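What follows is a single structure, written as structure tokens, with notes after it.
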Amino acid sequence: MTEEVLYAGEKTTVDPHLEKLCRQADTAKNWTQRIIKDTDAVLVPNPGYRVEDYVLDKIDKKRPPRQSNVESLGQGMIEAGTDFGPSSAYGSMLIKVGQTELKLGQTEREFVNSACVAFVNPLNKFMDTEVRNVTRERKILENKRLDLDAAKNKLRKARNMHNTPTKDGTDPRVLIQQAESEVITSQAEFNGQVNLVRTELEVMLNARDRHVENLKALVAAQTSFYERCSQQMLELNRDLLSVSKNCNNCS
């Protein structure tokens, strides 16, 4: 056993490849958090509702049903049209537009649910599993590194005092052997943790790359949503044109 192998006065470092994986993992974590936050803002524009949903999800309670702004608009139009009189042009159109707004609201509700299932939930699961596992194992690795540094420092001090008698009369060579044993044990634990962290990082980054399928699912949900909305608006325009013609014929 050589002193060069056992002693290093500097802070214990990890290999460059592991450091690169750690940087990639940090980038994946930060951007995933940002994407989740921004997607939530699109799906639930009301910040108060987002906070409420976050709390309810944490305590595993069901989110309350809420009427969207589009549905509220539609309901108001229907009530106004009914009050004005469905036989009048304006009243009749208000009812038809209101009914379509309700359909748009329901379509939006279905899209939000699809987007959550297809995209937001998988990303949240990624944060709660792979990212959390990596964070935990990296903290353990840091503690193992500190233990190894302490053991090396203890060995250094023991070697520096190999010619100095101890207060309790212990042979300095015994102290050196004990310190060497601690370094060997700490080094083995540190190396084992390095391998574990590397494995967890690779699992995390592979999971990140699989998000491409979730992204495709989000785009598919958005495509379906806008297509359905467009179709509903086209049908509304035809209905309004028919109402206008009927009113012109009656006048």
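The values are calculated or read from the model by the stated rules, or taken from the named source; none is laboratory data. Computed from a prediction, not measured in an experiment: that's the story for all the values here. For neighbour counting, all protein chains shown are included, and Cβ atoms are generated from backbone atoms with ideal geometry for every residue, glycine included. Side chains are part of the model used for accessible areas, which takes the heavy atoms of the whole protein and leaves out ligands, DNA and RNA. Shrake-Rupley method; radii C 1.70, N 1.55, O 1.52, S 1.80 Å.
Just a few scattered comments:
- Rounded percent of accessible protein surface that carbon and sulfur make up, the chain, 1.4 Å probe: 54 percent
- 0 to 90° range, to nearest 10: angle between helix 69-84 axis and the chain longest Cα axis: 20 degrees
- Integer Hz, Karplus 6.51/-1.76/1.60 couplings in order for the range 210-221, x for Gly and Pro: 6, 5, 4, 5, 5, 5, 4, 5, 5, 4, 5, 5
- Extension gain, residue 117 to residue 26: 0.36 nm times the residue separation minus the Cα-Cα distance gives 30.3 nm.
- 3J(HN,Hα) along the range 193-206: 5, 4, 5, 5, 5, 4, 4, 5, 5, 5, 4, 4, 5, 5 Hz, from the Karplus curve 6.51 cos²θ - 1.76 cosθ + 1.60 with θ = phi - 60°, whole Hz, x for Gly and Pro.
- The Kirkwood hydrodynamic radius of the range 1-149, based on inverse pair distances between different Cα atoms, is 20.2 Å.
- Length gained when the stretch residue 79-residue 185 is fully extended (0.36 nm per residue, less Cα-Cα span): 30.4 nm
- A 1.4 Å probe run over the range 70-213, with the rest of the protein chains in place, finds 57 Å² accessible per residue.
- Quotient of C-alpha Rg and 2.2 N^0.38 Å, computed over the range 119-201: 1.66
- Listed by chain and number, the lysines whose C-alpha is less than 20 Å from the C-alpha of residue 96, apart from same-chain residues fewer than 8 away, are 245.
- Area of residue 132 that stays accessible when all protein chains are in place (1.4 Å probe, Å², to 10): 130 Å²
- Computed FRET value (nearest 0.05) for residue 87 with residue 238, which takes r as the C-beta separation and R₀ as 25 Å: 0.75
- Coordinate range along principal axes, alpha carbons of the range 3-90, Å, largest first: 99, 29, 14
- Residue of 26, 171, 239 that the Gaussian network model of the chain assigns the largest fluctuation, springs spanning Cα pairs under 10 Å: 171
- In the chain, the calculated helix contribution to ellipticity at 222 nm averages -28000 deg cm²/dmol per residue, counting -39,500 (n - 2.57) for every DSSP H run with n ≥ 4.
- Efficiency of FRET from Cβ geometry, residue 12 and residue 174, R₀ 30 Å, rounded to 0.05: 0.75
- One entry in (i) 117, 31, 23; (ii) 52, 36, 31; (iii) 66, 45, 31 is Cα extents along the principal axes in Å calculated from the shown coordinates; its label is (i).
- Scaled to the globular estimate 2.2 N^0.38 Å, the Cα spread of the range 68-156, given as radius of gyration, is 2.42.
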